[in-house]
Amino acid sequence: MRYTFLNIVLSILGGDILNTYDFDLNLQKVFYDYFKNIKGQNWKKWLDISSSEEYEEAIFKNSGLSRDILDEIYTKKTDPKEFSLNPQIFLKEKLESDNISNLFSKNTSIVCHTSGTSGGDITKLKWFLISDEFLNRVWVPGMQAIFESSGLCNNKSAVIFVPSRIKVDGLTKIDELNLIRLYTSEFSQRVVLSHIKPRSYLIDEYKNATDIATIAKILALDNISVISAPAATIIKWADIDKLKAGLEKSMNNKNWNNIENEFFETIEFKKLYERIGIDNFAIEIQKRLSEALKDSTLIFSITSLSKDEWGKIRNFMGWNVGEEKFTNLYVGSEIGPFSGGINKEDMYRMYVFPLVYPIIERKGIKEFISKTNDKYGVLLVSRPDVTPLINIDTGDVLTILDKEGLPKISGEILRSGFKLKLEMKLEGFPNTTEFFAGDYFDINGIEVFNPRKMVSCMGQRFGIEKDNPVLLVAGDSYKMILPLENNKNALIDKIKEEMPSCNVGLDIEEAIRNKKLLVESGKTNVTSSISHLELLEKVRQGNLPKGVLKKWPFYVLNIPQE
């Protein structure tokens, strides 16, 4: 995929010159036209909200929702499948206007799809129409708050990375209609580019983060104020070994005999690489990237970051502990931008935006987020649409830190347990075994909260294998299997006694004590029926969603009864 680098004068920018490195400039032009009359909000006023009543009032004002929804929110729940579009239609590369005409209120329509974390093929993705009501009242003000609070404005630059598209993604022209199909993550970034209109920007795919041509373009940008990318992408620059491997692959795989359209600095970097060798070249590129990005704010989710990764990112960005410049965010395909670290004096907590009506559900009890007594629970969201959607079940678990004024939540968003659609297998278990992944489970009264931290602690204290997950097997009885094959001396009874020190939770402690849950060692190397390399290649080719690559440290296995 080759970039378009243009100095273009767009009338919508009032004559300003916009320097862009964009792999789909034609799509972005459609976005500019679509957004030209959309106005944002003064989101800074949200921070002045000081009570739950004021917060609730702001929700109704901003969202346009009627208070009539209060009659339904404690009894109703909406599965996103109920309002998702037919995937068989949107996975067609060739579409007829008759297939989609009902989606258009004007000449452009936008549909977004999920990332497919539960696995399976692309036919399992959920697709959602972005209505004007949803776009104007939620998407635009929410993304505006996240990026403007991070320092982006129309005289600064942005570096943005998005997932590799599936085959049908992008702009499709059908007669006089523009149909846009995208991952929600790419759509959200193009919302920002269209609304804030930074003076210059680069938008690229995750897989190209260490490509020398992409890096050359980043280094050519001036006054970079934000970098919007997953933590894993930043780590590819911050970890010198990962950067070296990526650069070496890029230099060796590039067709240097066909470089007439290459960016000038790319060719200069080739000469430098040949002169000083890969080791020194990687060090020099990391130094230049660090210098170019040192004043930028990182926009990424901190949910999956380890302590070691945080350290590498701090070193790369030149941050001292406590002086980090980042914006955490929580954006969902079904609900739009929900929260972010928009208060830079309190950036480790995310502030819930007053754009949708949030309910917290735990153990069957639903409460408005500002009134719940639970510290965590599953998020249900009511939001505007052509017809308002009530209590959308996000499947995500929030930890509430403060309910006064705008609610503040933890930067870690946990995923409620879900069944994997990708075929999985484990030696010694029947082929009918069902595999569930996630960060929160309620298994017949045994609540498992944030098992990632539990497993990490077990690795440090008990020596369980880092590369293999912990399993909780549900069947006629319950048992937890620990990967201790390489630590035969580990004493299960001693581990059971000390497990409470790893915050396993009161339910697990009680279940072990009452022998409702047995603990044993065994093989836990859960694998998919497709190798990781094959999965990676299928994702890069757009044949599988990116979510299938996610590895989980904890699985629940259900063995169906005969």
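The values are calculated or read from the model by the stated rules, or taken from the named source; none is laboratory data. These numbers come from a predicted model, not from an experiment. Cβ: placed from backbone, ideal geometry, glycine included. Neighbour counts: every protein chain shown. Note: accessible area is taken over every heavy atom of the protein model, side chains too, but ligands, DNA and RNA are not part of it. Shrake-Rupley method; radii C 1.70, N 1.55, O 1.52, S 1.80 Å.
Need the full-extension length gain, Lys425 to Glu133, defined as separation in residues times 0.36 nm minus the C-alpha distance. One decimal, nm.
Working: separation 292, 0.36 × 292 = 105.12 nm, distance 4.41 nm.
Full extension of this stretch gives 100.7 nm more.
Here Lys76 is the anchor, and the lysines within straight C-alpha reach of less than 16 Å, apart from those fewer than 8 places off in the same chain, are Lys363, Lys366.
The label-point distance for Lys516 and Arg314, in a model that sets each label 7 Å from Cα toward Cβ, rounds to 4.1 nm. Maximal additional length on extending the Glu485-Lys550 stretch stands at 21.0 nm, based on 0.36 nm per residue less the C-alpha distance. Ranking Glu53, Glu509 from most to least accessible surface, computed with a 1.4 Å probe over the protein chains only, gives Glu53, Glu509. By a 1.4 Å probe calculation restricted to protein chains, Glu291 has an accessible surface near 110 Å², given to the nearest 10.
If both residues of a DSSP beta bridge must be in region 418-558, then about 60% of such bridges are antiparallel.
For region 418-558, the dipole from Cβ point charges (+1 on Lys and Arg, -1 on Asp and Glu) about the Cα centre works out to 360 debye, to the nearest 20. Note on Ile365 and Asn86: the model spin-label points, each 7 Å out from Cα along the C-beta direction, lie 4.4 nm apart. Once the Cα-Cα distance is subtracted from the 0.36 nm per residue extended length, the Asn154 to Thr527 segment shows a gain of 129.6 nm.
Ignoring ligands, DNA and RNA, what percent of the 1.4 Å accessible area of region 418-558 is carbon and sulfur? Mind showing how you got there, number by number?
On the way: 3400 of 7440 Å².
Solvent-exposed carbon and sulfur of region 418-558 make up 46 percent of the total.
Accessible area ranking (1.4 Å probe, heavy atoms, ligands and nucleic acids excluded), largest first, for Tyr55, Tyr376, Tyr74: Tyr74, Tyr376, Tyr55.
Computed over region 418-558, the P(r) curve from all C-alpha pair distances, binned at 5 Å from the origin, holds 2, 9, 20, 22, 20, 14, 7, 4, 2, 0, 0 percent per bin. Each Lys and Arg Cβ is given +1 and each Asp and Glu Cβ -1; about its Cα centre, region 100-161 then shows a dipole of about 40 debye. For region 271-368, the solvent-accessible area works out to 43 Å² per residue, with a probe of 1.4 Å and every protein chain left in place.
Given a 1.4 angstrom probe, what's the average accessible area per residue across region 457-541, in square angstrom? Numbers along the way, then the final one.
Numbers: 4930 Å² over 85 residues.
So region 457-541 comes to 58 Å² accessible per residue, rounded to a whole number.
For region 184-233 and region 498-562, what is the separation of their Cα centres, given in Å? Value for the Cα centre distance between the two parts: 34 Å.
For region 78-184, what is the accessible area per residue in Å², given a 1.4 Å probe and the full set of protein chains? Working shown, then result.
Values: 4100 Å² over 107 residues.
Computed with neighbouring chains in place, this is 38 Å² per residue.
Within region 260-401, antiparallel bridges make up roughly 90 percent of the DSSP beta bridges whose residues both belong there.
Over the chain, what is the relative contact order in whole percent, taking alpha-carbon pairs under 8 Å and six or more residues apart?
Values: 1051 pairs, mean separation 90.7, N = 562.
Over the chain, the number comes to 16 percent.
When both bridge partners sit in the chain, DSSP labels roughly 60% of those beta bridges antiparallel.
So, with +1 on the Cβ of K and R and -1 on the Cβ of D and E, and no other charges, what is the size of the charge dipole of the chain about its Cα centre, to the nearest 20 debye? Working shown, then result.
Values: 73 positive and 77 negative charges, 138 e Å.
Value, rounded to 20: 660 debye.
At a Förster radius of 22 Å, what calculated FRET efficiency corresponds to the Cβ-Cβ distance of Glu274 and Ile240, to the nearest 0.05? With R0 = 22 Å, the Cβ-Cβ based efficiency is 0.65. Look at the dipole of the chain built from charges on Cβ: of Thr233, Asn99, Ile110, the Cα furthest out on the positive end belongs to Thr233. Within straight-line reach of Lys249, meaning a Cα separation under 20 Å, sit the following lysines at least 8 residues removed in sequence or on another chain: Lys207, Lys217, Lys236, Lys270, Lys271, Lys287, Lys538. Measuring nothing but protein heavy atoms, the accessible surface of region 19-166 at 1.4 Å probe radius is 41 percent carbon and sulfur. Here's the picture: charge each Lys and Arg Cβ at +1 and each Asp and Glu Cβ at -1 in the chain, and of Ala245, Leu518, Gly336 the one pushed furthest to the positive end of that dipole is Ala245.
Relative contact order of region 418-558, taken over Cα pairs closer than 8 Å and 6 or more residues apart, is 36 percent.
For the chain, what is the convex hull (Cα atoms) projected area averaged across all directions, in square nanometres? Please list the in-between numbers first.
On the way: hull surface 111.3 nm².
Value for the chain: 27.8 nm².
Within the chain, Cys112, Cys153 have no other Cys Cβ under 4.7 Å of their Cβ and so lack a disulfide-compatible partner by this rule.
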